[in-house]
Amino acid sequence: MSVTETDIPAIPVPATQRGASVARRIWRIALASNEFRVGAAIFIVLVMAALLYPQLSGIDPTKMSVATRLHAPPFMGDKWNWTAPLGTDQIGRDMLVRSLVGLRYSLLIGLSTVLVMLLIGCSLGTIAGYYGGRVDMAIMRLTDAQLSIPMIILAITVLGVSRPTIPAIILVLGLSSWPVYARVTRSVVMTERKREYVRAAEIYGASDFRIMVRLLAPLVLPPIIFVSVLDVARMMIFESILGFIGLGVQPPTPTFGNIIADGRKYLLNAWWIATMPGVFLFLCLTSINLMGASLERARNRIYGGKS
């Protein structure tokens, strides 16, 4: 009598080897640290402001008003006019709304890019580590080839000859950064591939796909949790760089890069145009880095490293 997938009982896995369990422990330790709480609080406030304030204020971030152009912020002007708390730009657009909308797009691109990197890198790394041999060699040579191409060069090459839409930017950044995740995943899978619970699953008749998804893939979570968090900040920086050089999301859609690029011409008499988006970007990156550092220390503590 043949054994089907539904007949295969659950394979017992030691608690110390279960990636999901270790990931939960990392989160619990990180949440107990003040550094993580401060970073999370700043991040939540920024996200809520970016999601809610532009809608609640009713201000169009692309609406021009020549009468209010280059108005200084209230703390710099003679009159305390709070209709534009962070001032206006060279054509009268509200800088607070534009900065928050830019933060929204920057977070969207950063988070989506990391998801693409995780999907591609973890999938290929799991396949390479599980099968080994020629499959592993082919995938690793592909990662070497990808790592030899600088991200910014690839982005300029692709986006320079096509329309730099949000999906295109996410795809380019994701395709240029997945090898790191593939290498980490491969090393974890190669270590776990020869353990007893994997052999038991094979004896019971579990398919390769089920073994990779149900047993091996969760083990990758602990090593890449803090890496993926920090990569969100890194992708936000690259998105801003692309916007600054004109290869990011195109105007009139506001992003940190194109706002700062427009404001550099007015640094002497309207410094807030370029400074305010930079402040929001700095706060967001700082909050993400605080959370990522806390997660890294929590992981090192579980695996016996120094906190």
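Structure notes:
- Candidates Ser240, Ser287, Ser294 - the one that is in a helix (DSSP H, G or I), under 15 Å from the mean Cα position of the chain (by Cα) and over 29 Å from Ile153 (Cβ atoms): Ser287
- Residue tally, condition part of a helix (DSSP H, G or I) and either over 25 Å from Ala138 (Cα atoms) or free of Cβ contacts under 8 Å to residues at least 60 places away in the same chain (or both), over region 201-213: 6
- Region 286-306: number of residues that are surrounded by fewer than 20 Cβ atoms within 10 Å (Cβ to Cβ), on the phi < 0 side of the Ramachandran plot and not charged (D, E, K, R): 7
- Residue count for region 166-200 under the criterion of being farther than 16 Å from Val116 by Cα and either touching a residue at least 40 places away in the same chain (Cβ under 8 Å) or not acidic (Asp, Glu) (or both): the result is 14.
- Test result for Pro223, out of contact with any Pro (no Cβ under 7 Å at 6 or more places or on another chain) and not in a helix (DSSP H, G or I): no
- With respect to the stated conditions, Phe36 fails to be under 17 Å from Ser99 (Cβ atoms), under 21 Å from the mean Cα position of the chain (by Cα) and buried (at least 17 other Cβ atoms within 10 Å of the Cβ).
- Verdict on Pro218 being surrounded by 17 or more Cβ atoms within 10 Å (Cβ to Cβ) and assigned to a loop (DSSP other than H, G, I, E, B): no
- Contact annotation: residue pairs with Cβ atoms under 7 Å, 6 or more positions apart or on different chains, pairing a residue in region 241-270 that is closer than 13 Å to Pro61 by Cα with a partner that is of a type in the set (Val, Ile, Thr) and not in a helix (DSSP H, G or I), are Pro252/Thr62; Thr255/Val249.
- Verdict on Met236 being more than 30 Å from Ala23 (Cα to Cα) and crowded, with 21+ Cβ neighbours inside 10 Å: no
- None of Ser21, Ser2 is of a type in the set (S, T, N, Q), in a loop (DSSP other than H, G, I, E, B) and at pLDDT below 90 except Ser2.
- Matching residues, region 180-198, being over 26 Å from the mean Cα position of the chain (by Cα) and among the basic types (Lys, Arg): Arg193, Lys194, Arg195
- When region 160-169 is filtered for residues that are assigned to a helix (DSSP H, G or I), within 18 Å of Leu108 (Cα to Cα) and either touching a Leu at 6+ places or on another chain (Cβ under 7 Å) or among the aliphatic types (A, V, I, L, M) (or both), the ones remaining, listed by number, are Ile166, Ala168, Ile169.
- Region 105-129: number of residues that are crowded, with 20+ Cβ neighbours inside 10 Å, within 19 Å of Pro164 (Cβ to Cβ) and not aliphatic (A, V, I, L, M): 4
The values are calculated or read from the model by the stated rules, or taken from the named source; none is laboratory data. Note that the coordinates shown come from a computational prediction; the quantities given were computed from them, not determined experimentally. Positions of Cβ are generated from backbone atoms using ideal geometry, with glycine treated the same way; all protein chains shown enter the neighbour counts.
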